[in-house]
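Notes to accompany the following structure.
Just so you know, all these numbers are worked out from the coordinates, no wet-lab data involved. Since the structure is predicted, the reported quantities are computational estimates derived from the model, not experimental observations. So basically every Cβ, Gly included, is an ideal-geometry build from the backbone, and we count neighbours across all protein chains shown.
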């Protein structure tokens, strides 16, 4: 077996850094009764009260069925309500006061993590700027092959 290290992979490096910070965010969110996915869904609902399950799923890049399941869990936790929750009607999702408190706490926790991340890895922060809007790095519609 060779003692040589494999060549540097930016993809593996990014995944390693991502896993570390995802775990830190998950631990922080757990303290307010959220997971990363629940936080994202709650934030979408909070930003656009009345959002449909279809739009929520599209923005979260999950299936509509998964969105229903996750929102049901948020509703069971008292963080979301659906004013039109009956068969055959369009949904009208809203964040409850309990959900707003959890969301506000989560935003503060994320802000603290962001500050730590920025202080620890300022060059990476600069490189990541704007990538959430175009995570594949495309800027002109061209795709990687």
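Computed quantities for the displayed model
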read-out: Matching label, Rg and Dmax of the Cα atoms in Å computed from the structure shown, candidates (i) 18.6, 63; (ii) 17.1, 48; (iii) 17.1, 60; value: (i)
read-out: Degrees, to the nearest 10: 10-30 long Cα axis against longest axis of the chain; value: 40 degrees
read-out: At R0 = 41 Å, FRET efficiency that the Cβ-Cβ distance of residue 18 and residue 98 yields, to 0.05; value: 0.85
read-out: Cα long-axis angle, helix 64-76 against the chain (0 to 90 degrees, to the nearest 10); value: 70 degrees
read-out: When region 1-47 is reduced to its Cα atoms, the Kirkwood hydrodynamic radius in Å; value: 13.1 Å
read-out: Pairwise label distance in nanometres, residue 52 with residue 83, each label 7 Å out on the Cα-Cβ vector; value: 1.7 nm
read-out: C-alpha long axis of helix 97-120 to longest principal axis of the chain, angle in °; value: 10 degrees
read-out: Within a Gaussian network of the chain (alpha carbon springs, distance under 10 Å), most fluctuating of 120, 54, 31; value: 120
read-out: Helical mean residue ellipticity (222 nm; -39500 (n - 2.57) per DSSP H run of 4+; nearest 500) of the chain; value: -19000 deg cm²/dmol
read-out: Estimated inter-spin distance, residue 73 and residue 112, nm [label 7 Å along Cα→Cβ]; value: 2.3 nm
read-out: Angstrom value of the Kirkwood radius, inverse mean 1/r, which spans all Cα pairs in region 29-111; value: 12.5 Å
read-out: Which of 114, 82, 76 has the fewest Cβ neighbours within 10 Å, and the rest in rising order; value: 76, 114, 82
